[in-house]
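The values are calculated or read from the model by the stated rules, or taken from the named source; none is laboratory data. Everything numeric here is computed off the predicted structure, so don't read it as measured data. Cβ placement follows ideal geometry from the backbone for every residue including glycine, while neighbour counts extend to all protein chains displayed. Just the protein is used for accessible areas: all its heavy atoms, side chains included, with ligands, DNA and RNA removed. Shrake-Rupley method; radii C 1.70, N 1.55, O 1.52, S 1.80 Å.
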Amino acid sequence: MLRIGSTLRASRRLLNRQLHFQCPIVAGDSAIAGIAPVRYRRFIPFNYSSSFGNISASTSFFSTLSSNSSIFNAPNTERAEENDSVESNLSVAGDAGVALSEVERVAPRLSDGILDAYLAIELALDSVVKIFTVSSSPNYFLPWQNKSQRETTGSGFVIPGKRILTNAHVVADHTFVLVRKHGSPTKYRATVQAVGHECDLAILVVESEEFWEGMNPLELGDVPFLQEAVSVVGYPQGGDNISVTKGVVSRVEPTQYVHGASQLLAIQIDAAINPGNSGGPAIMGDKVAGVAFQNLSGAENIGYIIPVPVIKHFIAGVEERGEYAGFCSLGLSCQPTENAQIREYFQMQSKMTGVLVSRINPLSDASRVLKKDDIILSFDGVPIASDGTVPFRNRERISFDHLVSMKKPNEIAELKVLRNGEVHDFKITLHPLQPLVPVHQFDKLPSYFIFAGLVFIPLTQPFLHEYGEEWYNTSPRRLCERALRELPKKPGEQFIILSQVLMDDINAGYERLAELQVKKVNSVEVLNLKHLRQLVEDGNQKNVRFDLDDERVIVLNYESARIATSRILKRHRIPHAMSIDLTDEQNAAELQSACSI
C-alpha cells in the first residue's frame, strides 16, 4: 500500500517533468484542473507545465491525488504518521498552506482511474522504452532470398540485470534494433539476447552505459484477480510520446497466442491495446502484472497481456540454460469424458473424473508408458475434471494443460491413470515437443535444395502462409491437412516436398508434379532434407529416382542433371544450390562467408 507522503513526493516529481499523457475521464467527474465533466468514458490529452510554486496548480493536482483510492482509507495509527508527511510536502510546495482538509474536500470529485494513471506513469517513466526494429522476412516461395525490409515500432521495459523485456513479434526476423528511453532524443543500439516465439517474449540488452543512467527496473507481481484494475503503458500508434490506458481484468485462462500459435495462460483486459503497445508493461499497483501482446480482431477494447507465471518461466529458462528453453508438452490428444455411456464403457466409477487419451506423440516420453484409451485421472496429484479442467484460484477453473506448460524441461510429472478398470501411477519426463510441420520459422533462413531445377524444401506453415491471409482455403488442401495433423515418427524427421520446378529441357514434363511429398530417393525413405541431399549426391548410380506422393516418379540422369543445375542457377540468379544448413561442417564457414559478401 502506498503512503500519502511518498505519493505526494512522487507527484511533485511528476509535475516538474512537464508531462503530456492520456487519462480516463469517467461520467460524473467535476471540473477540476481544467477537466470538464463528460457523460461517457473517453480519453483526452492533459498538459501539465506548472511547478509547485503555483498555488492553484498545486492545489488542483493534490486534489487529484486525494481520490477514493484505498491509500486514503488506511488505519488511524498509520494516518497519524502520514499526516506529517502531507504537511511537509505542502510546506515544500511554495509554502502555500494547503490544508489536508482542503485536499480531502476536493478528493471525491476524481475517480480512482486518474490516480492509477498518474502512478503508472510515474513508475514507468524510467523503465518503459520505445523499440525501433528493422526486419526482413524470408520468401518461402523463393527461399534463397528475403522480402523487402520493413520498419516497425514497439514497447519494452527494464527488468533486473540491465535487460529489456518485450514481445518476440516486436523483434522477429530483425536485422537492426534500436531503443529510446523516455525524454531522450538518442536511440541506442540493442541486441537480442533470447527469444521465445511460443510465449511471444524476448530479452534485449544494450551495451551503452549512458543508456542505463537513471533507468530503474520494474518488479514482477502476481496474477491479478477479476475486476482488478491495470494500467497499460507503452508507445502505441497515433503519437510518439508515452501513453497510458486503464482497464480491468475480465478473464484469466489459456488463450491462443497468435504469434507462436501456442496455447498458454493469458489475461484478458478491457484496456485498448493497439499496434506499438506490444511489449509494454501492464502495471497493477507498483508491480508488473503482465506484458501487452495482442487484441481480439473485430472486437472493441478486448486486449490480452502475458501473465507473470509465463514471463517467469521464460526468464528462468534463459537464466538457467543461457537460451530459451521452451514449454513442455505431454504429447497427448485427449477427449472429455462427460458422456455417461463413455464413462460406463471405460469402467469409470461414479466419483471418478478424467480425460480419455485418444492420440500419443511417438516422440514423447508418454508413448513409453501410456496407451490409447487410458483415462488420466490426475496430474501431479491435482484431480482432472471430466471436461479437462483443474481448480484455479478462487472458484475458477482452467485447462490442465496449464499445469503441463509450467513444468521445466526434464521435470517428472506424476499421473494417475485408469486402464481396463484398474488405477495405475506413472511417472513421465516432460520435454518441449516439435511438430512434424513447424508452425513458425522466425529468425532463421528457410532450407532448400535445388537439383536439375527441382526445388526441394521441408514443408512449414510459413510456406502455406505465402498463399495469402486465407491460406487454409487457398493452399494445397492435402498439404494443409497433413501439416495440421501429422505427427513425427522419428527424431529429426521432416515433411519434404517438391515446391516448384524451374523450367529447363532436362525437367520438361515434370512441372505438374510440384507441391507433392517426396517419399523416397533411389528406393531409400527420406528422413529430412539433408538426408535427401546426401542420397542425391551419392553418385553411385547412373540415374536418380524420386518417388513422390500419388505414386508419381521422377527419373533424371545424374551427370546431365548435375550439369543442368549450374546452368539453371545462373539463369535464375540463384547464388547457391542449397541453404547453408545443408552444407558439410567444413564447407559451412566458407559458404557463410560467401553469402555475406
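So, with a 1.4 angstrom probe, what is the percent of accessible area on the stretch 288-385 that is carbon and sulfur?
46 percent
Looking at the stretch 390-469, which GluC sites (Glu not before Pro) are in a loop (DSSP not H, G, I, E or B) and have at most 10 other Cβ atoms within 10 Å?
In loop regions of the stretch 390-469 (DSSP not H, G, I, E or B), the sparsely surrounded GluC sites (Glu not before Pro) are GLU469.
Taking only C-alpha pairs under 8 Å that are 6+ residues apart, what is the relative contact order of the stretch 278-391 in percent?
17 percent
Below 8 Å between Cα atoms, with a sequence gap of 6+, how large is the relative contact order for the stretch 382-461 in percent?
It rounds to 17 percent for the stretch 382-461.
Could you give the dipole magnitude of the stretch 293-363 about its Cα centre, charging the beta-carbon of Lys and Arg +1 and that of Asp and Glu -1, in debye to the nearest 20?
240 debye
Within the stretch 225-308, report the chymotrypsin sites (Phe, Trp or Tyr not before Pro) that DSSP leaves as loop and that have at most 16 other Cβ atoms within 10 Å.
Qualifying residues, ordered by number: PHE225.
For the stretch 438-597, which whole-number percentage of the solvent-accessible area (1.4 Å probe, protein heavy atoms only) is attributable to carbon and sulfur atoms?
48 percent
Please give me, ordered by residue number, the chymotrypsin sites (Phe, Trp or Tyr not before Pro) of the stretch 118-217 that lie in loop per DSSP and have at most 15 other Cβ atoms within 10 Å.
Those that pass, being in a loop and sparsely packed, are PHE141.
For a 20 Å ceiling on Cα separation, which of these pairs sit above it: LYS181/LYS246; LYS351/LYS371; LYS444/LYS489; LYS312/LYS427; LYS407/LYS490; LYS489/LYS530?
Beyond 20 Å between Cα atoms: LYS181/LYS246; LYS351/LYS371; LYS444/LYS489; LYS312/LYS427; LYS407/LYS490.
Taking a ≥ b ≥ c as the square roots of the eigenvalues of the Cα gyration tensor of the stretch 440-592, is the shape rounded (a/c under 1.5), prolate (a/b larger than b/c) or oblate?
Taking the square roots of the gyration eigenvalues as a ≥ b ≥ c, the stretch 440-592 is rounded.
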